[in-house]
1. Just one of (1) over 25 Å from Leu158 (Cβ atoms); (2) in a helix (DSSP H, G or I); (3) modelled with pLDDT of 90 or more trips up His101, so point out which.
2. Filter segment 207-228 down to residues that are within 14 Å of Gly118 (Cα to Cα) and within 15 Å of the chain's Cα centre (by Cα) and give me whichever is surrounded by the fewest Cβ atoms within 10 Å (Cβ to Cβ).
3. Can you pull out every residue in segment 58-78 that is part of a loop (DSSP other than H, G, I, E, B) and either farther than 17 Å from Glu146 by Cβ or at pLDDT 95 or above (or both)?
4. Considering each of Thr173, Thr186, Thr245 in turn, give the residue that is in contact with a Cys (Cβ under 8 Å, 6 or more places away or on another chain) and either surrounded by fewer than 17 Cβ atoms within 10 Å (Cβ to Cβ) or more than 27 Å from Glu89 (Cα to Cα) (or both).
5. Among (1) at pLDDT 90 or above; (2) closer than 18 Å to Gln2 by Cβ; (3) among the small types (Gly, Ala, Ser), where does Ser30 come up short?
6. Looking at Phe253 and the list (1) in contact with a Gly (Cβ under 8 Å, 6 or more places away or on another chain); (2) under 23 Å from Phe289 (Cβ atoms); (3) of a type in the set (Phe, Trp, Tyr), which single condition is not satisfied?
7. Output yes when any residue across segment 95-113 is buried (at least 21 other Cβ atoms within 10 Å of the Cβ), under 15 Å from the mean Cα position of the chain (by Cα) and small (Gly, Ala, Ser), and no when none is.
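The values are calculated or read from the model by the stated rules, or taken from the named source; none is laboratory data. Small disclaimer: the values here were computed from a predicted structure and weren't measured. Neighbour counts are summed over all protein chains in view; Cβ atoms, including those assigned to glycine, are modelled from backbone coordinates with ideal geometry.
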Amino acid sequence: MQCFERFKKEYGHLLNGQFHKKFKKITDQSFEKTKEQILQSKPNEKYEWELSSAKSVSEAAEYSLAILNSQEVHGDSRRSFIKLTLPWETLKQPSGVQHYHQWLFYLCNQIQADHGYGGLSSALPYDHYNYEPIEYQLAQQHPGLEVDSLVINFALELVNSIKGANWYTILSTKFIDKLGGLDSITKALTKHTDIQIFSYDCGTIIRAGDYPELGSQQGDNPEAYVAVNRVIKPIRIAKPDQLHTYSAYGNTFDEESSKRWYARFDEAEEITRSPRRLAAGEHCSVAGFWYSPANNNVRQRFKQGEVMPEFKESSWGATFWYWSGEE
């Protein structure tokens, strides 16, 4: 509750609504009433609470703090989560990065975080399903963008695994030990002067660069993110579920594209084993299946030396081809 009280104290003048069982306007009275209901809830009673600057479930929030608990009956087989959302402009303000940094450390210590991440992501409404195609398209263009609309569904998957690397990667001692200890991690990252390592009450926080990075539309990965990914890859989800559900409004992450997203920072470190991306007009370097976001990620088989086609009418933009991993 202290987390929500602090958030309301700092950002209360910007908050318009809260979600607990249903979306409603936030007032001092409604905040206290919800807080008391949750404090009086039983150990096996599930609750969700979000404070938001949005005025309705169909509006994306610039500021929000959300939590979903896990029931006591599940023991250590489920995970609760807490999620803080602030606008990008926060980092552009004087001491903005430090302010974000302090909030992240505060939350990690308050909830004794097992693991987590922080970085750039799409701000979608609470009723986000219709907007997942937009998140999908942006994530295809920018590898540094976190796909986080269905974080609520990862309570089971993220017990003994983590989601992956981002600007901030939070690891409890349990995961640090699985990676060979802090000395081993520090040694692996020591040549990357833009990566910093911090300690919190329950473990270690890794920051990949002074500011978060999106990565370029040409698919270039932020080097610091790739370096962190190389270290934490052994504890990343091995068999992830898909990141999105089906949408009638456009392409979303299915099982295959979800796997590629989780492995997006693997490509740079495995360049000797996986052929580089190809632009339209270049000759196919390796025979097999390739896919292009400009063609809705439909796989096509090419012979070595064959010219890679271009989709001039695609709303995506320039045509680039990526190795699908099958010959």
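1. (1)
2. Leu214
3. First, the residues of segment 58-78 that are part of a loop (DSSP other than H, G, I, E, B): 58-59, 61-63, 69-71, 75-78.
Ser58, Glu59, Glu62, Tyr63, Asn69, Ser70, Gln71, Gly75, Asp76, Ser77, Arg78, listed by residue number.
4. Exactly one of Thr173, Thr186, Thr245 is in contact with a Cys (Cβ under 8 Å, 6 or more places away or on another chain) and either surrounded by fewer than 17 Cβ atoms within 10 Å (Cβ to Cβ) or more than 27 Å from Glu89 (Cα to Cα) (or both), namely Thr173.
5. (2)
6. Failing condition for Phe253: (1).
7. no
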